[in-house]
Every structure is written in C-alpha cells, then in structure tokens.
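**Q** Have a look at this one.
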Amino acid sequence: MKLKMEKLKTILGKHEINEFEIIELGSDITDAKTQIVASGYGSQHHIASVVFENEKGKYVLGIRNANAKFKSGALKKFSNSKKLKMVSPDVLAKLSQIAGSVCPLTIDPKEVIVVIDESVAVMSDIVCGTGTIENAIKLSRQDFEKVMGAKYVRVAEVQYVRNENELDRYLSGVAPSASEVHLGNYLGAMKQFVDFQNTPGTENYYFLADYHAINTVHEGSSLRSNTQNVMLDYLGAGVDPEKSVFYIESQIPEIFEMTEVLNNAVTLGEMKRMHGYKDKLADPNQDENSINMGLFNYPILMAADILLFEPDFIPVGEDQAQHVEICRDMARSFNSRYGDILKIPELYVKEATGRVIGTDGERKMSKSIGNILGIFSDDNVIKKQIMAITTDPARIKVDDPGDPDKNPIFYYLEIIGHDKSKIEEYRERYRKGTIGDVEFKKEFFEIYREYISPMRDRRAKYAKDMDYVNDMVKENGKKARDVAMGVMDRVRTAIGVYRV
Ligand code: ADP
Ligand code: TRP
C-alpha cells in the first residue's frame, strides 16, 4: 500500500505537481459508490477508470466521469479494438491496481492504450483512485492532463445516475419580492419545507430567489433589505441552516448559464401559455410593451433553479404548479435531444393549504392584493388585518345568527390546526348569534398570536446573530454550488461545449 502511494507521489513529483489532496476514505469502502460518498466530494468530481483487454491482448484504459457510461462501440473504435473485455483482478494486480480504485496516474502509458472521454474535459477538479482502498486523490484537471495527456474523445454517454441509497431531495424557493412572508407563503410552502427538513431520509435545498424578485423590486436597497428579511422569515418559520442547504439563488452563477441552455428547450407558444404572462396580458392596463422579458422568462429561470439540483420533489403552493410542469417539459425536451441527462422532478402541493384564501374570503392570499395575514409584522398591523377580515354581510346586529361558511376565520382556525372541539364551539356560538364578529376577531387575534409566537421568537433570536446567519448562508451556498456545478458540467458536455 505504502509502495503504491510512494509510486504515485514520485510520478506527481516528476511532473512538478505539488497541489493535490490525498483523501482518507476510512475502512468501509466496498465499491466505487461507497468511495464517492466517503470522499466527501460529489460524484461529479470523480472519474472512473476501467482497464479492458482487446482481442490482441493489448490493455485499454478507459477514463470517464463517474456519472457517464461507456459506449462500447465508440470505445472499440478509439482504441482500435474489435473486442473488449474488462480485465480480471489478477491482471489489475499485475498493473499494480485494484478493482474499484484504479489509479490512472500510475499506469504506464506505454503499457496501455489510453482513451479519455469528453466528460472529463469539463471537470475542474478530478478525484480518482490511488490503487489502494484507503485513499483517493484530488488534483486539478490541468495537473491530471500533465500526466495523462489532454486528448479527449467521445466514448461515453453522460447520464443522470440515481443511486438507490440516495436520500429523497426536496427543493424550493421563495422570491424576496416583498419585505415579509405571509400566512399563505407559510402554510402553502414554508411549513412543508420544515416538515420535510425534519423527516429522516430527506435532503433539503431551500433558497431565496433574489433574481426572480428583480422583476418587481427595482431598487437595490429594497432588494437587499427584502432578501435579509425574508431570509430571517425562513429561519423564523423553522428552516434550519444546519439541517437544510439554505442559500441564495445569486450565489450560484451556473443557474444563469443553465437558463440560457433551457431557453432552447421550450417554445414561444408554450411560454405564452404561462399564467403569469397571460394574466398580465389580460389586464386592460397592460400590453406587450409594459410586460418585461423577466416576467415572461420567469419560468425558465425557475426551471434552471430546479434542474441544476436534481430534486425529487418541489414543494410549492398551487400557483406554482404550472411552472413546475413546464420545468418538467423542458427537462424532457432537453433529454430527448441529448440523452438521459436531467432528472425530472415531481410537484408537491399540499392539498389543504395549496391555495390559502385571503382576508377577503375569496381570492388567493397575496401581498399584491393586500388580503394577507402577516406573521412577523407588529401586533397592531396583524390586528388591523384581522379586523379587516370580510365576514357574513347579512349579519347586522351582534346577536344576529351567523353563517360560519361566510366567515373565513373558521377556515383560518382549521388550517392553523386549532383544537377541533373549540372550533366546533365557536361554530355553535356563531350560528346562534352568541358571539359577535368583533368579539370573535379579537379572540382569533389572541389565538393567532399564540400560533405565530414561536416563529417570531425564533426569528428574533436569529436576527440578533446576523453574523451566524450570513456565515451559514455562505457555507450552504458553497455546498449548493458544488451540486449545481456538477450538473452544469454534465450539461456542457452533453451540448458539446468545446474546451481548450
Ligand atoms: P407571493 O405569491 O406572495 O408573491 P411567492 O411567489 O414568493 O409569494 O411564493 C412563495 C411560495 O408561497 C410559493 O411556493 C407559492 O406557491 C406559495 N404561496 C404564495 N401565496 C400562497 C397562497 N395564498 N396559498 C398557498 N401558497 C402560496
Ligand atoms: N417562482 C416561485 C414563486 O414565486 C419562487 C421560485 C423560484 C421557486 N424558483 C423556484 C419555487 C424553484 C420552487 C422552485 O413562488
């Protein structure tokens, strides 16, 4: 083992390669997959090296990204072989290698035909085996090329490869287009983020979609303060940056590169069917000259947010369902051209709270309509919002019998999960006219305040420690970017970006 590492270091020394990392893998390595997990670097940074033998008894060393699969026809063509078979562990031993941790750097290029797939050409760093079970090595692609050469051919198909043991991945975002989130955002989306975050067997990616907000927020200082506020709202709601990968869209420049790729995976006709655009156009005060391309293209940016992270599920409110659907279509369209590259995510909308009704009792709760119930606003603001709730208009005197279906407070009590028997009591009293609307609203204010108080307390704690919050977002941003970079590499390879 020591000998192999010495040999590796000698070769690196010969090529004047000083910047590399020897990764300790621990003792549970059984195959390439466990090696990838143990290395701490995602599969996008790993290469797989396979030794074959051809019909003339010549060895062929095939190298590809860990997420790609060899195409045997192409591999034969580029190695001038008619037949290829993988060599046995005994043969590997003769080349000082072991199965599962082949180190291409220590294989003498005079002994083998080296064929390197294009999927390696776009990798920034390369993690590969060392010929030992205990270690892997990471080095830059430039240094890898010093040893292996930089001739790339297309002998493998990059593919989305799902490891069965992988966790279910959830991803969603909220645009900081307002200075705070409301009960609709919380129950429609954020509460699910927290529930999934706290469910074993899941991985969670939640972010602030700041570039989505520049569509309506046109002042730098407002975007900055909204972002910070909504960031704290997320944390107040219970998203924990030590459990979820919590980041800001703008930390991941690959998203904007991916947006351009996806521009080519959707038609104008499909885009014109998007609600956001159609609703704007239906407004008599708007026409094509007042609708900016940011709004029109919004679903493409959103699809890039999603597809670069390969999530299984997208928890959102019902109003986003169409966007997730078009994202799936874009992924399918891309895959139909380039192969099985992008993972198709599933929409997750919670039925009971996918569309929270506003205080007018009719329309979707939305900041732009002004029918919201705040969570983190001052008490007096929330009290005013509650007092403005539209109730049964037929009820004139306080002791008139009321119709609970015409008072949205009953609905709010239900969706915030208030005690069922207590709701029933209120219903009785309301029907009989023994509780007036104002009295009921005052009591609801107290109930609601109790419901939101843990969130407000949590938010206040985080707000006192912005250094911690910023550090966490910075760290999480790096983690998220690492995932996005891997998928972007795969996409670049698939579309044929030429690297010199
Ligand atoms: P808004 O719609 O208020 O501008 P966002 O568009 O940023 O807020 O929405 C963030 C999340 O909250 C999305 O998943 C969205 O579907 C959800 N959401 C917004 N309003 C509601 C609502 N009234 N009911 C349910 N979910 C909602
Ligand atoms: N468009 C979403 C909204 O307005 C926010 C968002 C942006 C999003 N990118 C996303 C949601 C990706 C889920 C996944 O609510």
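The values are calculated or read from the model by the stated rules, or taken from the named source; none is laboratory data. None of the values given here were measured: they were computed from a predicted structure. Methodologically, a virtual Cβ is constructed for each residue, glycine included, from the backbone with ideal geometry; neighbour enumeration extends over all protein chains shown. Heavy atoms of the whole protein, side chains included, go into the accessibility calculation; ligands, DNA and RNA do not. Shrake-Rupley method; radii C 1.70, N 1.55, O 1.52, S 1.80 Å.
**Q** Just the residues that are open to solvent by less than 20 Å² (accessible area, probe 1.4 Å) and either not assigned by TED's automatic domain parsing to the domain that holds Arg64 or not in a loop (DSSP other than H, G, I, E, B) (or both), please, taken from the stretch 92-108. Break it down into steps so the answer makes sense when it comes.
**A** Pass one, the stretch 92-108, residues open to solvent by less than 20 Å² (accessible area, probe 1.4 Å): 92, 95, 97, 101-107.
Leu92, Pro104, Leu105, Thr106, listed by residue number.
**Q** Considering only residues that are over 21 Å from Asp108 (Cβ atoms) and either surrounded by 11 or more Cβ atoms within 10 Å (Cβ to Cβ) or β-branched (Val, Ile, Thr) (or both), which ones fall in the stretch 1-23?
**A** Glu21, Ile22, Ile23 - these are the residues of the stretch 1-23 that are over 21 Å from Asp108 (Cβ atoms) and either surrounded by 11 or more Cβ atoms within 10 Å (Cβ to Cβ) or β-branched (Val, Ile, Thr) (or both).
**Q** With the structure loaded, tell me whether Asp319 is part of a helix (DSSP H, G or I), within 15 Å of ligand 1 (Cβ to nearest atom), assigned by TED's automatic domain parsing to the domain that holds Lys191 and under 12 Å from the mean Cα position of the chain (by Cα) or whether it fails that test.
**A** On the way: part of a helix (DSSP H, G or I): yes; within 15 Å of ligand 1 (Cβ to nearest atom): yes; assigned by TED's automatic domain parsing to the domain that holds Lys191: yes; under 12 Å from the mean Cα position of the chain (by Cα): no.
Answer is no for this residue.
**Q** Sticking with this one: Please determine, by comparing only the residues of the stretch 175-184 that are within 7 Å of ligand 1 (Cβ to nearest atom) and under 10 Å from Asp210 (Cβ atoms), which one is most open to solvent (accessible area, probe 1.4 Å).
**A** Here the answer is Ser177.
**Q** With the condition kept exactly as written, say whether any residue in the stretch 307-315 is more than 13 Å from ligand 2 (Cβ to nearest atom) and out of contact with any strand residue (DSSP E or B) (no Cβ under 9 Å at 6 or more places or on another chain).
**A** Looking through the stretch 307-315, none of the residues is more than 13 Å from ligand 2 (Cβ to nearest atom) and out of contact with any strand residue (DSSP E or B) (no Cβ under 9 Å at 6 or more places or on another chain).
**Q** Here's another thing I want to ask about it. Across the stretch 350-363, what is the total count of residues that are of a type outside the set (Asp, Glu) and open to solvent by less than 70 Å² (accessible area, probe 1.4 Å)?
**A** First, pick out the residues of the stretch 350-363 that are of a type outside the set (Asp, Glu): 350, 352-359, 361, 363.
Subset that is open to solvent by less than 70 Å² (accessible area, probe 1.4 Å): 353-354, 356-359, 361.
Going through the stretch 350-363 one residue at a time, the tally reaches 7.
**Q** Can you confirm whether the stretch 446-464 contains a residue that is over 30 Å from Tyr205 (Cα atoms) and open to solvent by less than 70 Å² (accessible area, probe 1.4 Å)? Explain how you work it out, then say what you get.
**A** Step one: of the stretch 446-464, the residues over 30 Å from Tyr205 (Cα atoms) are 446-447.
Of the ones still in play, those that are also open to solvent by less than 70 Å² (accessible area, probe 1.4 Å) are 447.
Yes, that holds for at least one residue.
The rows are residues; the columns are (1) in a loop (DSSP other than H, G, I, E, B); (2) away from ligand 2 (no atom under 13 Å from the Cβ).
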{"position": "Glu203", "(1), (2)": "no, yes"}
{"position": "His212", "(1), (2)": "no, no"}
{"position": "Thr216", "(1), (2)": "yes, no"}
{"position": "Ser221", "(1), (2)": "no, yes"}
{"position": "Asn229", "(1), (2)": "no, yes"}
{"position": "Tyr247", "(1), (2)": "no, no"}
{"position": "Met271", "(1), (2)": "no, yes"}
{"position": "Gln286", "(1), (2)": "yes, yes"}
{"position": "Leu295", "(1), (2)": "no, no"}
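**Q** Go through the stretch 329-359 and give me each residue that's under 15 Å from Leu171 (Cβ atoms) and away from ligand 1 (no atom under 16 Å from the Cβ).
**A** Let us first name the residues in the stretch 329-359 that are under 15 Å from Leu171 (Cβ atoms), namely 331, 342-349.
Correct list: Ala331, Leu342, Lys343, Ile344.
Yes/no matrix, rows are residues, columns are (1) modelled with pLDDT of 95 or more; (2) within 20 Å of Asn204 (Cα to Cα):
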position: Asn476; (1), (2): yes, yes
position: Asp482; (1), (2): no, yes
position: Gly486; (1), (2): no, yes
position: Arg492; (1), (2): no, no
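**Q** A further question on this structure: Which of the residues belonging to the stretch 330-349 are of a type in the set (D, E, K, R) and crowded, with 17+ Cβ neighbours inside 10 Å? Steps first, please.
**A** Residues of the stretch 330-349 that are of a type in the set (D, E, K, R), as a first pass: 332, 337, 340, 343, 346.
Result: Lys343, single match.
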